[in-house]
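The values are calculated or read from the model by the stated rules, or taken from the named source; none is laboratory data. Model, not experiment: these values are computed from the prediction. We place every Cβ from the backbone using ideal geometry, glycine too, and count neighbours over all the protein chains shown. Ligands, DNA and RNA are excluded from the accessible area calculation, which covers all protein heavy atoms including side chains. Shrake-Rupley method; radii C 1.70, N 1.55, O 1.52, S 1.80 Å.
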Amino acid sequence: MKFLIVFVALFAMAVARPNDAQIVRLDSDVQPDKWSSNLETSDGTSINQDGVLKDVGTEHEAAVVHGSFSWVDEKTGEKFTVTYVADENGYQPQGAHLPVAPVA
């Protein structure tokens with residue numbers, strides 16, 4: 001269910017931009033215990049993710065998603081990329097443009 005919410009939110013964000021971007025690639029493979037999806041648009045936006053259920057059938061069953069999304073700033077032409085892991089420890093994004101907390 002989390003996968004669906006994240007995918008729909010990212011997909012809506014990618015296609016709701018007020019420009020004439022077209023979807024140039026959209027793939028998905030959904031199995032009972034794993035899934036993957038890839039989206040690319042003509043304006044340079046891309047969303048990729050792979051997920052798997054771990055510890056299926058136990059008290060500790062959880063979804064683990066590895067993915068990334070990228071976009072190109074319309075004003076500067078700079079490409080931004082965020083890679084992430086979403087698992088039982090939460091959403092963990094990384095990107096060169098994201099701030100990092102100082103070491104305590």
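Structure notes:
- Loop-located trypsin sites (Lys or Arg not before Pro) in segment 36-104 (DSSP state other than H, G, I, E, B) with a sparse environment of at most 16 neighbouring Cβ atoms within 10 Å: LYS75.
- Accessible area (Å², 1.4 Å probe, nearest 10) - LEU39: 0
- Available extension along the chain between ALA96 and SER70 is 8.2 nm, counting 0.36 nm per residue and deducting the alpha carbon span.
- Average projected area [Cα convex hull, segment 27-104], square nanometres: 7.2
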